[in-house]
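The structure under discussion appears below in the form of structure tokens.
The values are calculated or read from the model by the stated rules, or taken from the named source; none is laboratory data. The model shown is predicted, which means the values in this text are computed figures rather than measured ones. Cβ sites come from the backbone with ideal geometry, for glycine too, and all protein chains shown count toward neighbours.
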Amino acid sequence: MAAPNGAVPAIEFRDVQKRFGDTVVLDGLNFTVAKGDRVTLIGPSGSGKTTILRLVMTLEDLTDGYIFIDGEPLTHAEVDGERVELKPKHKTEIRKRIGMVFQQFNLFPNMTVIENIIEAPVHVLGMSKEDAIEKARGLLDQVGLADKEDAHPLELSGGQQQRVAIARALAMDPEILLLDEVTSALDPEIVGEVLGILKDVAESTDITMLIVTHEMQFARDVSNRILMFDGGRIVEEGTPEEFFTNPKEQRTRDFLQAVVADPITGALPWQPAPGASGTPAAPATPTTPSTTSTTTQDGDPL
Ligand SMILES: Nc1ncnc2c1ncn2[C@@H]1O[C@H](COP(=O)(O)OP(=O)(O)O)[C@@H](O)[C@H]1O
Ligand SMILES: [Mg+2]
């Protein structure tokens, strides 16, 4: 499916099926991500979000269907009406353009920070070691870890490890960056610094981003499109504005209720809590407040 303006999408899922044994996780999934888009996938645990990212990263095999990166088939192509698997060399070539940051950092524990970062640029891109080190130092500076290049991952805090993982992904100059719950394993007080770095990356580059997160404020700040998944299917899609002011589907409302409702008042962004100051909630007709009316002086309730 081409984008409406005819541009080739950065990522296209076409009739994608993924099974683990008898478990069907994705069944005929179709969606596209335009170049430069920042798309956040939300949805309950087990809805297939990680699987989608891992398929793009070729860490999982596709059971059926096709994924296209920049219009090029990633792992399988249709040739004379037949679905054929492409050579590993082809996959490797396309995967060079994609970076991923994982919930559990996944750094190489036996390598120093700088070795982690230069590994792929040197061995996959064929960059000279000197150039790779110079670039890695720039990235370490960007993520605030210039003094840690000789440390080993396990000597670092979780937040520091994740910043190294971000630098490692950026060292490949990816066209597409996949972020899978990158702050879920971090202590709450350091979540903000990691998200701040990613926000800067989003603002200063045109990297296409596919993001899985439960940090709804981050999703709102960074993404221009949100896809709500349940059971491997897209339940609802829209802009962050639409999602957080007037979600259409009950399934989406239930999910957002669980992740964004005010823990004390139970207030939802699109529906002030009964008894809250201002006009009382009118359950029969959901309100569609403007952005300003969802934002309090103390900060956004999301
Ligand atoms: N390696 C695997 N083997 C078997 N089942 C898996 C595997 N990976 C994921 N699944 C199953 O696929 C479904 C989707 O998982 P996942 O993509 O991790 O969801 P999410 O990231 O939305 O929580 C779940 O039912 C999960 O148990
Ligand atoms: Mg997951």
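Quick notes on this structure:
- Count of segment 48-85 residues, restricted to those that are within 16 Å of ligand 2 (Cβ to nearest atom) and either in contact with a helix residue (DSSP H, G or I) (Cβ under 9 Å, 6 or more places away or on another chain) or hydrophobic (A, V, I, L, M, F, W, C) (or both), is 7.
- For the residues L195, L156, the requirement of being more than 16 Å from ligand 1 (Cβ to nearest atom) and in contact (Cβ under 8 Å) with a residue 40 or more places away in the chain singles out L156.
- All positions within segment 20-65 that are within 9 Å of ligand 1 (Cβ to nearest atom), of a type in the set (A, V, I, L, M) and within 16 Å of the chain's Cα centre (by Cα): L41, I52, L53
- Residue count, segment 229-239 (criterion: in contact with a helix residue (DSSP H, G or I) (Cβ under 7 Å, 6 or more places away or on another chain) and surrounded by fewer than 20 Cβ atoms within 10 Å (Cβ to Cβ)): 2
- Scanning segment 277-293 for residues that are out of contact with any Cys (no Cβ under 6 Å at 6 or more places or on another chain), part of a helix (DSSP H, G or I) and at pLDDT below 95 turns up at least one hit.
- Restricting attention to segment 94-110, the residues that are away from ligand 1 (no atom under 16 Å from the Cβ), of a type in the set (A, V, I, L, M, F, W, C) and in a loop (DSSP other than H, G, I, E, B) add up to 3.
- Evaluation of Q162 against (1) closer than 27 Å to D70 by Cβ; (2) away from ligand 1 (no atom under 16 Å from the Cβ) (one fails), failing number: (1)
- Scan of segment 150-174 for residues that are surrounded by 20 or more Cβ atoms within 10 Å (Cβ to Cβ), in contact with a Pro (Cβ under 8 Å, 6 or more places away or on another chain) and assigned to a helix (DSSP H, G or I), ordered by number: P153, Q161, V164
- Filter pass, L186 being without any contact (Cβ under 8 Å) to a residue 60 or more places away in the chain, under 22 Å from V259 (Cα atoms) and within 16 Å of ligand 2 (Cβ to nearest atom): yes
- When we screen L195, L177 for residues that are at pLDDT 95 or above, surrounded by fewer than 24 Cβ atoms within 10 Å (Cβ to Cβ) and in a strand (DSSP E or B), the only hit is L177.
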